[in-house]
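> Before I ask anything, let me first share the structure, which is written out below as structure tokens.
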Amino acid sequence: MKGLAAASGVRMGLLLAFFVALWTVYASLTQLNLDGFGDMLENYSWGIAWEQGYYKHPPLFAWITAAWFAVFPNVDWAYYLLSAVNGAALMFASWRIAVRFLDPWRAFLATALFFFLPPVTFLAIKYNANSAMLPFWAATVWFYLRFLERERFIDAVILGALAAASVLIKYFSAALLGAICLHVLFDREARTLLLKPGVWVAGLVFLALMIPHLLWLFANDFLPLTYVSEQGDGSPWIGLTSAPRFLAALLAYLLPAVLVLLVAIRRNGRGPWFDAGPFLGLRSTLTGRALLWTGFGSLALTLLLGIAFTVQFSSVWALPLYFSAPAILMLFVKAGRLEVQKPAIPAIVVLYGACLLALTPIIYAEEAKNTSHYNNVPVRTLAVQIESAWYARYDTPLTYVAGDKILASGMTFYTASRPYSMQANSYALTPWISPEDVAQKGMLIACFEGQKGCLNKAIELSSGGRDTQDLTVPGFGGDRNWTVRIFFVPPAGSGL
């Protein structure tokens, strides 16, 4: 038995290592910038301030980013490595869920299907609040199942900590925690836990870890909730009208994994393909019902809460919802339909990875044609040259930057100075920077040419924009030039 467990562990380790290597290399070879929206740079600019919250989101994923780059160099491949490790952590936790409902080989195959789920691969290349939830949702459910099975004190403590971590990444995690709470309340067998200390221990751990952020929320006028409420067009029907598109996206993202599964079944000979019995059998066990509640209940709560609060559904919300999808798909496959040609799915994984890597030059060329958002902006080059403009004027360190998000956050991430970025050019949204700090240490503000809103704010922050410099940098492939206007707020004692 120990030998079987060891073999399963080695097999899973190899699968996860291949996942991390594949998606790190793939992203590094195909992306011009970290991401077209500048979110990954913004993550880092938040995280190094180590605040209890930020104006858009709770703090944990930004802290994870800052902690990661306290160890790794500030280069793109290291960021993609973080994204890939994040996805692999989801796969590991999901595997630990799957082994409770599938035999070891099918649990392994279910985990391999994550290679073909875009929310865990292509979409999760961009590490942000949505993708950061992936491993925490799966790990929360894993330890909830462990707690139901054993009712151990340590599992209750870890469950409470993981639940808090999920919410501290994004408030959307309330959908998962709500599903867990509903399961405890409505499942007769689970409800008996309310008479035992474990549930209350988990709740107290959750609350204790949430208190610092809750205090921050009260002190900062609930800024992230205000940010969420301002998304969408303000229509009271936006949740209802966007829900069908959201559900369609959920199904579309699932199709590649379903297709791979069908190919593998077809390769395993003749006979019936499916049997709903194992899936229906989930209702007969406490952990099975817990899986149904967390898997489907979290989706139902997502829809209900989104419609109730008139929020526009976004397909990227789907990312953490797939933590149990491969295992549930595997439950429908009839016994023996994947055991004749056992290497079918692993072979498809390897072939798929090889094809992706072979296609990277073509994909990179297509990415280069994408001019939406910040996709084709030479962020690193601009950041380094803007920093050089500061040191050409002053001998003091560059400590604070502001202006366009991609330029400010880019300087924070890419330059040796690691300056703090002002968020949305607002002192109110950036409590780690004060006017007194800027008066003492100075600040650099950078905006793109023709960016009127940014330029007007730069003039205001620099007290009239008396000291400026224009900088022009060629874009990727030299197709166009990017001109940036730099505003300098001199440090005290500079003589300027």
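The values are calculated or read from the model by the stated rules, or taken from the named source; none is laboratory data. Just so you know, these numbers come straight off a predicted model, no measurement behind them. Neighbour counts run over all protein chains shown; Cβ positions are idealised from the backbone, glycine included. Keep in mind that these areas ignore ligands, DNA and RNA; they rest on the heavy atoms of the full protein, side chains included. Shrake-Rupley method; radii C 1.70, N 1.55, O 1.52, S 1.80 Å.
> So which helices (runs of 4 or more DSSP H) are wholly in the stretch 172-239 and hold at least 3 residues that are within 26 Å of P58 (Cα to Cα) and in contact (Cβ under 8 Å) with a residue 40 or more places away in the chain?
Correct list: 174-186, 197-219, 223-229.
> Just to be sure I understand, how many residues within the stretch 49-59 are surrounded by fewer than 22 Cβ atoms within 10 Å (Cβ to Cβ) and of a type outside the set (G, A, S)?
Summing the residues that are surrounded by fewer than 22 Cβ atoms within 10 Å (Cβ to Cβ) and of a type outside the set (G, A, S) in the stretch 49-59 gives 5.
> Also, I was wondering about something else. For the stretch 330-346, give me each residue that is of a type in the set (A, V, I, L, M) and open to solvent by 60 Å² or more (accessible area, probe 1.4 Å).
Listed by number, the residues that qualify are A335, V340.
> Give the number of residues within the stretch 108-127 that are open to solvent by less than 20 Å² (accessible area, probe 1.4 Å), not aromatic (F, W, Y) and not in a helix (DSSP H, G or I).
Qualifying residue count for the region: 2.
> Taking helices (runs of 4 or more DSSP H) that fall entirely within the stretch 244-338, which contain at least 1 residues that are within 25 Å of G178 (Cα to Cα) and among the aromatic types (F, W, Y)?
277-280
> Give the stretch 381-402 a look and list any residue that's open to solvent by 10 Å² or more (accessible area, probe 1.4 Å) and closer than 20 Å to G38 by Cα, or say none.
Those that are open to solvent by 10 Å² or more (accessible area, probe 1.4 Å) and closer than 20 Å to G38 by Cα: T381, V384, Q385, E387, Y400.
> Filter the stretch 466-496 down to residues that are over 32 Å from the mean Cα position of the chain (by Cα) and among the small types (G, A, S) and give me whichever is nearest to A392 (Cα to Cα).
S494
> Being hydrophobic (A, V, I, L, M, F, W, C) and part of a loop (DSSP other than H, G, I, E, B), is that true of even one residue in the stretch 478-494?
yes
> V201: of a type in the set (A, V, I, L, M), under 30 Å from V258 (Cα atoms) and either buried (at least 21 other Cβ atoms within 10 Å of the Cβ) or modelled with pLDDT of 95 or more (or both), yes or no?
No.
> Going by the conditions given, is M91 under 30 Å from P419 (Cα atoms), open to solvent by less than 30 Å² (accessible area, probe 1.4 Å) and in a helix (DSSP H, G or I)?
It is false that M91 is under 30 Å from P419 (Cα atoms), open to solvent by less than 30 Å² (accessible area, probe 1.4 Å) and in a helix (DSSP H, G or I).
> Look through L255, L261, L280 and report the one residue that is under 23 Å from T302 (Cα atoms) and either open to solvent by less than 50 Å² (accessible area, probe 1.4 Å) or of a type in the set (A, V, I, L, M, F, W, C) (or both).
Exactly one of L255, L261, L280 is under 23 Å from T302 (Cα atoms) and either open to solvent by less than 50 Å² (accessible area, probe 1.4 Å) or of a type in the set (A, V, I, L, M, F, W, C) (or both), namely L255.
> Restricting the search to the stretch 354-371, which residues are touching a Leu at 6+ places or on another chain (Cβ under 9 Å) and of a type outside the set (G, A, S)?
Across the stretch 354-371, the qualifying residues are L356, L357, T360, P361, I363, Y364, E367, N370.
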